[in-house]
Amino acid sequence: MGLPNDFYTVSTLFTLSGSSTAIWIITGVLGDLFKSKMKKTAKKWVALTLSFVFAFVGATLIPEKSILVWVVAFVNGFLIYLTSVGLNTISSKENARTRHPVRPNRGGGSSFFESWW
């Protein structure tokens, strides 16, 4: 089995792993670009909004549209969001074992791998 020729295609972007990874990347890049100006709450809302955008755009690709398609797209938006939160939690510099409950993190500005959850 050879290596894939494309990174993202329309078919891979609208899968759970493709959408979640895209949202994790977009939110990480925006957080890195805006450094301390973009708070964790803003990153959460950006990720949730993008999750719904991906879910509903993906639903438009289904030829037969019924009310259930839109209900499933709504639920998929939350699923995409939670999966991207998991990606962020696993990859962040901070994890549950290294956080100190009394001392806040006094590191530098935000980075790509900063936890937004």
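Each of PHE34, PHE7 was scored by other Cβ atoms within 10 Å of its Cβ. Arranged with the fewest first, they read PHE7, PHE34. Neighbours of SER84 by Cβ distance under 11 Å: Lys/Arg scored +1, Asp/Glu scored -1, total +2.
How many lysine pairs in region 1-94, separated by 8 or more positions in sequence or lying on different chains, have Cα atoms less than 24 Å apart? Count of close lysine pairs: 8. Taking the Cα atoms of region 13-91, the ratio Rg/Rh between the radius of gyration and the Kirkwood radius comes to 1.03. Which FRET efficiency value, to the nearest 0.05, do you get for ILE26 and ILE90 by plugging their Cβ-Cβ distance into 1/(1 + (r/R0)^6) with R0 = 22 Å? Taking R0 as 22 Å, the efficiency between ILE26 and ILE90 is 0.80. A simple spin-label model places pseudo-atoms 7 Å from Cα toward Cβ; at THR49 and LEU33 they are separated by 1.3 nm.
Computed from the coordinates by the stated procedures, all read-outs in this text should not be read as laboratory data. Keep in mind it's a predicted model, so treat the numbers as computed, not measured. Using ideal geometry, Cβ is built from the backbone for each residue, glycine included, and neighbour counts are taken over all protein chains shown.
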